[in-house]
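Note sheet for the following structure.
Throughout, read-outs are computed from the coordinates displayed, never taken from laboratory work. Predicted, not measured: the structure shown is a model, and the values here were computed from it. Cβ sites come from the backbone with ideal geometry, for glycine too, and all protein chains shown count toward neighbours.
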Amino acid sequence: MDFSLTKKQQMIRKITREFSEEYIAHIAEESDQNSQLDPTVMKEMKRMKYFGTCIPEEYGGAGLHDDTISFCIITEEIGRIDASWSITTGVHCSVVAYPLYIFGTEEQKQEFLIPLAKGDKIGAFCITEANAGSDAGGVETNAYLDGDEWVINGSKIFATNGGIAETLLLVVKTGEKGRRKEFTVFIVDANTPGYSVGVREDKLGVRASNTSELVFQDMRVPKENDLGGIGKGFRIGLQILDYGRILMAAQCVGLGQAAIEASIKYANERVQFGQPIGKFQGIQWKIADMGVAVECSRLLTYQAAWMCDNKLDYGMIGSMAKLKASEAAMQATHDAVQIHGAYGLMKAYAVERYFRDAKMAEIYEGTSEIQRMVIAQKLLRRGY
Amino acid sequence: MKIFTCIKQVPGISDVKIDPKTNTLIREGIPSIMNPMDKNAIELALSIKEERGAEIIAISMGPPQAENVLLEALSMGADKAYLLTDRAFAGADTLATSHALALGIKKILKDSDSNEKYMVICGTQAIDGDTAQVGPELAEDLDIPQITYVQKFELKGDDKVIAERAFRSEEIVVIETKLPVLISVLKEINTPRFPSMLGIVNAYKKKKVVFLDAEALKAEKAYIGLTGSKTEVFKIFIPERKGEHVKLTGTIEEMVKTLCQNLKEDKIF
């Protein structure tokens with residue numbers, strides 16, 4: 001057993017850290033307040049291939065499709081500086097570009113994957129609806145076949161990247177056999193007539209990341225645009241989300257890391273009662289607990305990534321990683337605000353933003369409760 | 001054409017501590033990085049390559065772990081990388097270092113067996129020693145023209161070189177020459193790119209750093225390492241702080257007036 005990162009992975013961490021500190025750090029607070037992703041950062045991130053991380057070079061990506069640990073490191077390092085960016089690139093790569101690479105036909109890869117991997121187009125994965133959140137089976141957006149086209153009607157909400165996406169993966173109901181519903185994932189070009197962007201949400205955290213409502217009215221999609229087969233949408237959708245969870249876990253590791261670093265610095269500098277507050281046991285215990293929680297998350301996250309790269313069934317470990325990492329990030333950012341006292345409540349201190357960003361992660365991409373359900377079902381069925 | 005870029009691995013922070021007993025730098029716990037101005041050198045090489053095509057060869061002398069900075073150079077887009085590493089190179093001053101680099105460049109040119117034109121780009125100086133000597137000494141050893149402190153560079157036609165030299169900021173000199181040439185660049189010349197993720201992946205998958213030892217370079221012991229060094233380090237120390245600093249405020253006229261008064265009062269003026 002070897003826990004060390006390869007030299008390549010170390011270089012990826014070093015460069016992504018330097019890049020994030022130089023390009024994103026100084027603008028993160030402003031982006032959060034204005035709910036805007038900075039265009040200069042966007043341009044550079046595309047050049048850096050952060051929009052094609054897990055896609056092979058021949059499809060315009062960075063060639064890390066067989067190195068999910070590196071993908072985690074990248075997401076973690078960007079998330080350490082600004083979770084709005086790590087969710088933007090993380091979602092784009094893991095639940096839009098990657099599924100196209102895994103399930104797409106060669107024609108679909110040429111038409112849709114290459115522009116995504118190059119960052120020429122942004123992608124969104126849309127499953128959630130007003131009546132279909134944790135219960136994804138409740139999806140009501142539907143499609144019927146009319147000649148050579150599927151006609152789609154309905155709406156999606158809370159779609160990450162929704163308002164800025166040009167290529168969408170859409171989970172749609174395509175049939176019902178008795179009580180069994182059939183779903184299909186469609187690849188949709190945002191320029192299709194009948195497609196429109198509704199409300200852009202104003203959120204608690206990851207505020208610069210775009211979260212939007214999307215509306216489809218008699219939107220006609222070519223017959224060949226199904227991803228992985230008609231009626232296969234539910235199975236494919238769950239597989240897509242399994243992979244995405246690892247990256248959401250990685251983002252939370254980054255948030256937790258940021259919270260600890262800020263707290264250590266503050267605890268060593270802030271003097272009260274004649275000594276740095278880090279000398280008080282009350283603070284020490286918090287720092288220790290934060291360290292343990294984040295390190296556990298990191299190990300679980302890398303384990304899930306390693307299992308994925310070694311073609312092992314990583315579903316349960318991925319859920320464990322997402323659950324642990326999001327709750328660890330919440331705990332660590334909560335403690336970080338507490339350690340900073342009243343300063344921690346102020347916008348001028350980044351821990352205030354980390355705290356809001358961490359709360360998001362306990363809910364999106366499968367709530368903590370859903371993760372516990374998934375983990376428990378697997379444990380009770382298969383044993384441990 | 002071939003473009004050699006000389007790279008140095010240096011301690012990561014500029015305010016390294018000095019061990020008062022041994023008068024040497026304390027390097028423990030300090031991460032090593034690529035000398036910042038060497039990144040400007042690579043960036044210039046990359047922009048020349050993008051404009052007219054070239055083979056970029058990164059070269060460094062140092063301990064085996066200096067491979068890391070060469071891998072970073074390869075990630076940025078250098079085509080090949082060579083590390084001159086041998087116990088016999090240890091303890092080298094700038095003269096012995098530049099001699100080893102010259103031998104390396106000559107060997108690579110000879111082995112490539114082509115009459116391609118070439119140039120060498122160095123960062124003006126390294127943040128650890130700050131001497132700015134290796135570039136000029138390397139040019140002398142290679143017996144090619146040199147232009148130091150370059151802030152603007154252009155290659156015209158086949159081999160015409162036009163460079164803006166800014167030794168002092170108020171005195172900019174434009175120099176023209178022909179290839180081959182060695183230039184040492186200032187950080188003002190460009191903004192180095194970060195290596196892309198694809199650049200890193202390909203550097204580790206498709207490229208490798210070639211190690212060359214003293215024997216491979218047919219180096220004579222008298223000219224390399226400690227024995228080949230002419231510099232004797234008399235003493236290294238941190239300058240002591242001799243007094244408090246005074247910060248003047250107000251308009252420029254007011255500050256100048258106060259400054260003159262203070263200088264008179266202190267009998268400096």
Name the residue farthest towards the positive end of the dipole of chain A from the options A:Trp85, A:Ala329, A:Val188, assuming +1 on Cβ of Lys and Arg, -1 on Cβ of Asp and Glu, about the Cα centre. A:Ala329
Could you give the size of the charge dipole of chain A about its Cα centre, using +1 on the Cβ of each K and R and -1 on the Cβ of each D and E, expressed in debye and rounded to the nearest 20? 1020 debye
Sites A:Leu145 and A:Glu295 - FRET efficiency at Förster radius 51 Å, r taken between beta-carbons, to 0.05: 0.50
With the convex hull built on the alpha-carbon atoms of the stretch A:201-349, volume per residue in Å³ sits at 133 Å³
Across peptide A:2-12, what mean number of C-beta atoms from other chains lies inside 10 Å of a residue's C-beta? 3
Report the one residue of A:Ala258, A:Thr128, A:Ala288 whose Cα lies farthest in the direction of the positive end of the charge dipole of chain A (charges on C-beta: Lys and Arg +1, Asp and Glu -1; origin at the Cα centre). A:Ala288
In the stretch B:231-260, the GluC sites (Glu not before Pro) that sit in a DSSP loop and have at most 12 other Cβ atoms within 10 Å of their own Cβ are B:Glu232, B:Glu240, B:Glu244
Checking a compactness column here: for the protein assembly as shown, what do you get for Rg(Cα) / (2.2 N^0.38 Å), N being the number of residues? 1.13
Relative exposure of A:Asp120, B:Asp93, judged by other C-beta atoms within 10 Å (fewest first): A:Asp120, B:Asp93
Give me the one-decimal nm value for the distance between modelled label points at B:Glu240 and B:Lys156, 7 Å along each residue's Cα-to-Cβ direction. 5.6 nm
With springs connecting C-alpha atoms under 10 Å apart, model chain B as a Gaussian network and identify which of B:Leu226, B:Leu259, B:Leu71 has the largest mean-square fluctuation. B:Leu259
Of A:Ala136, A:Ala336, A:Ala325, which has the largest mean-square fluctuation in a 10 Å C-alpha GNM of chain A? A:Ala136
With n ≥ 4 as the cut-off for DSSP H runs, can you work out [θ] at 222 nm for chain B, using -39500 (n - 2.57) per run divided by the number of residues, rounded to the nearest 500? -9500 deg cm²/dmol
Ratio Rg/Rh, restricted to the stretch B:1-109 and using Cα atoms, in which Rh is the Kirkwood radius: 1.01
Could you work out the relative contact order of chain A, using alpha carbon pairs under 8 angstrom and six or more residues apart, expressed as a whole percent? 16 percent
Zone of B:Glu55 (label point 7 Å along Cα→Cβ, backbone N under 19 Å): which residues in the stretch B:72-97? B:73-84
If you put +1 on each Lys and Arg Cβ and -1 on each Asp and Glu Cβ, how big is the dipole of the stretch A:7-122 around its Cα centre, in Debye rounded to 20? 280 debye
In whole Hz, the Karplus estimates of ³J(HN,Hα) for the stretch B:78-92 (6.51, -1.76, 1.60; θ = phi - 60°; x where Gly or Pro) are 4, 8, 9, 9, 10, 10, 8, 9, 5, 4, 5, 8, 5, x, 6
Summed over the other residues with a beta carbon less than 14 angstrom from that of A:Arg180, with K and R at +1 and D and E at -1, the charge totals +4
Residue by residue, what Karplus-based ³J(HN,Hα) values in Hz, rounded to whole numbers, does the stretch A:13-19 have, using 6.51, -1.76 and 1.60 with θ = phi - 60° and x for Gly and Pro? 5, 4, 5, 5, 5, 4, 4
Residues other than A:Glu213 with Cβ under 11 Å of its Cβ, Lys/Arg counted +1 and Asp/Glu -1, net out at 0
Label model pair A:Lys223, B:Thr227: point-to-point distance (7 angstrom along the Cα→beta-carbon line) in nm is 8.3 nm
Alpha-carbon centroids, the stretch A:11-36 and the stretch A:45-118: separation in whole Å: 18 Å
Just want the answer: with Cβ charges of +1 for Lys and Arg and -1 for Asp and Glu, which residue in B:Ala139, B:Ile48, B:Leu155 is farthest toward the dipole's positive end in the protein assembly as shown? B:Ala139
Going by how many other Cβ atoms sit within 10 Å of their own, how do A:Thr53, A:Thr88, A:Thr367 line up, fewest first? A:Thr367, A:Thr88, A:Thr53
Any chance you could get the radius of gyration and Dmax over the Cα atoms of chain A, in Å? 20.9, 79
For the stretch B:2-223, compute Rh as the Kirkwood radius over C-alpha pairs and then the Stokes-Einstein diffusion coefficient at 10 °C and 1.306 mPa s; write the answer in µm²/s, rounded to an integer. 89 µm²/s
Sort B:Ser114, A:Ser134, B:Ser184 so the one with the fewest other Cβ atoms within 10 Å of its own Cβ comes first. B:Ser114, A:Ser134, B:Ser184
Net +/- balance of residues flanking A:Asp146 in space, Cβ distance below 15 Å, scoring K and R +1, D and E -1: -3
Value of Rg/Rh across the stretch A:124-231 [Cα atoms, Kirkwood radius]: 0.97
Can you tell which of B:Asp143, B:Asp19, B:Asp79 shows the greatest fluctuation in a Gaussian network model of chain B with Cα springs below 10 Å? B:Asp19
For the stretch A:124-231, with only Lys/Arg (+1) and Asp/Glu (-1) charged at the beta-carbon, what is the dipole magnitude about the Cα centre, in debye rounded to 20? 340 debye
Loop-located trypsin sites (Lys or Arg not before Pro) in the stretch A:164-252, at most 12 other Cβ atoms within 10 Å (DSSP): A:Arg179
Which of A:Lys118/A:Lys177; A:Lys43/B:Lys107; A:Lys14/B:Lys242; B:Lys8/B:Lys221; A:Lys8/A:Lys286 exceed 31 Å between C-alpha atoms? The answer is A:Lys118/A:Lys177; A:Lys43/B:Lys107; A:Lys14/B:Lys242; A:Lys8/A:Lys286
